[in-house]
Amino acid sequence: MFEARWHSLDEEPGLVRDRRHGESPWGRGGGFHRPASVRLEIVNSATQSMESELGLTIAAYAAPIGDGCGVGFNEDVLVAPASVLKVPVALTVESTVSLGELNPQERRVVPSGPRTPGPVGLSLMTDVVEISVRDLVTTMLTVSDNVATDELIAIVGIERINQTVDNLGLRSWAVTSDIRTMLDDVAHSVGFGDYLSLVRHRPDVNGAPDEEELMRRIRSSPALDPTQGTRTTARDAVELLKGIWTDRAGPPVACERIRWAMERQLVRARLASGFGQDVSVAAKSGGLLGVVPNEIGVVRYPSGDAYAVAVFTRRGDGISADPRNVDRAIGAVAHILVDEIRLTRSS
């Protein structure tokens, strides 16, 4: 259960203008001149409906780029970011480059042997690959390349990544391992020697554990427990994005490089699904074995107004919701929160 809250140094806003009607049960609600407390009840009701229907727990937060109050729920609850961790990795690498401590054109050789598993990019390639540091960042953020991520983590080190977010005052962020270690840790906790053995397991061929038991074990894995593994909160994910979009998180050139890459992420089914085609979305998605689908990003309206949004979800035991519905729910939650901020700012 959650409760949406405003976050500002000012008093809670009073009245807002007419709220548009939406046909979806996950829509924006309706009514005229609703007080902020009533509007937040609408936000709560709509999101609770999604949690119940899809068997999810949701943590989310949105805030304007620049100054202004944000709104969210469960925004300070620790979550497992999965591939969203690639944003602080990118910030650390690009900042190191900007400081002159790393050559962006340095060539990295990825051997042809076993690589970090993944569904895209270098994980799928057979032969030796030679690629520059800056191109590793691009493939990490645009297609969520796991091999590229681990190469970059090896270059700058986990300690420096954590120092980067700690220097920004984002205390909830913690990267505890590279991607390959995290995946193997999940497999070990489930009872397999490594991640590849886990994903190749077929209960109808190999026997126990069956699919239901397998997913139960995966969900309880310490690697996916944000009190033990890599973690953040929705609020700190948004604060990180705000820093990148205002050049406060690192050198301006580094921040610009990350914005450029996130604008080109190929996945468009989550945050972007909640907004019209006239709204641009720069994002980084994350997820692992369907347990923690999530996405963070910045949405920009034709007016120039921009908002940082983070939506983290987690599936419960015995839940097998259509992933497409989960993706749309992420977009719907993002739109509800951003719409709430925009209506308040226009009142």
Looking at Asp317, is it in contact (Cβ under 8 Å) with a residue 40 or more places away in the chain, under 28 Å from Arg219 (Cβ atoms) and either in a loop (DSSP other than H, G, I, E, B) or among the basic types (Lys, Arg) (or both)?
yes
Is region 72-82 home to any residue that is over 18 Å from Trp173 (Cα atoms), modelled with pLDDT of 95 or more and among the small types (Gly, Ala, Ser)?
no
Within region 267-280, restricting to residues that are touching a strand residue (DSSP E or B) at 6+ places or on another chain (Cβ under 8 Å) and surrounded by 23 or more Cβ atoms within 10 Å (Cβ to Cβ), the one that is farthest from Ala187 (Cα to Cα) is Ala272
Out of (1) within 23 Å of Arg257 (Cα to Cα); (2) free of Cβ contacts under 8 Å to residues at least 24 places away in the same chain, the odd one out for Arg200 is which?
(1)
Take the conditions of a type in the set (Phe, Trp, Tyr), crowded, with 18+ Cβ neighbours inside 10 Å and more than 26 Å from Thr176 (Cα to Cα) and apply them to Phe192. Does it pass?
no
Given region 103-214, what helices (runs of 4 or more DSSP H) lie entirely inside it while holding 1 or more residues that are closer than 23 Å to Val93 by Cα?
133-142, 146-156, 158-167, 179-190
Scan region 288-300 residue by residue and report those that are on the phi < 0 side of the Ramachandran plot, assigned to a loop (DSSP other than H, G, I, E, B) and either of a type outside the set (A, V, I, L, M) or surrounded by fewer than 17 Cβ atoms within 10 Å (Cβ to Cβ) (or both).
Pro293
Being among the small types (Gly, Ala, Ser), at pLDDT 95 or above and farther than 17 Å from Met50 by Cβ: is that true of Ala310 here?
no
In region 87-103, residue nearest to the chain's Cα centre (by Cα) [restricted to those that are of a type outside the set (A, V, I, L, M) and within 16 Å of Trp245 (Cα to Cα)]
Pro88
Some residue of region 59-66 being surrounded by 13 or more Cβ atoms within 10 Å (Cβ to Cβ), part of a helix (DSSP H, G or I) and modelled with pLDDT of 90 or more:
no
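From the residues in region 106-161 that are hydroxyl-bearing (Ser, Thr, Tyr) and more than 22 Å from the chain's Cα centre (by Cα), which one is surrounded by the most Cβ atoms within 10 Å (Cβ to Cβ)?
Ser132
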Residue list for region 232-266, restricted to those being surrounded by fewer than 18 Cβ atoms within 10 Å (Cβ to Cβ) and not charged (D, E, K, R):
Thr246, Pro251, Pro252, Val253, Trp260, Leu266
When region 153-194 is checked residue by residue, the ones that are modelled with pLDDT of 95 or more and touching a Lys or Arg at 6+ places or on another chain (Cβ under 6 Å) are Ala174
Would you confirm whether any residue within region 246-269 is under 18 Å from Tyr61 (Cα atoms) and either free of Cβ contacts under 8 Å to residues at least 24 places away in the same chain or of a type in the set (A, V, I, L, M, F, W, C) (or both)?
no
Does any residue of region 75-85 turn out to be at positive phi and outside any helix (DSSP H, G or I)?
no
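The values are calculated or read from the model by the stated rules, or taken from the named source; none is laboratory data. If you're wondering where the values come from, they're calculated on a predicted model, not measured in any experiment. Heads up, the Cβs are rebuilt from the backbone with ideal geometry, glycines too, and the neighbour counts pull from every protein chain shown.
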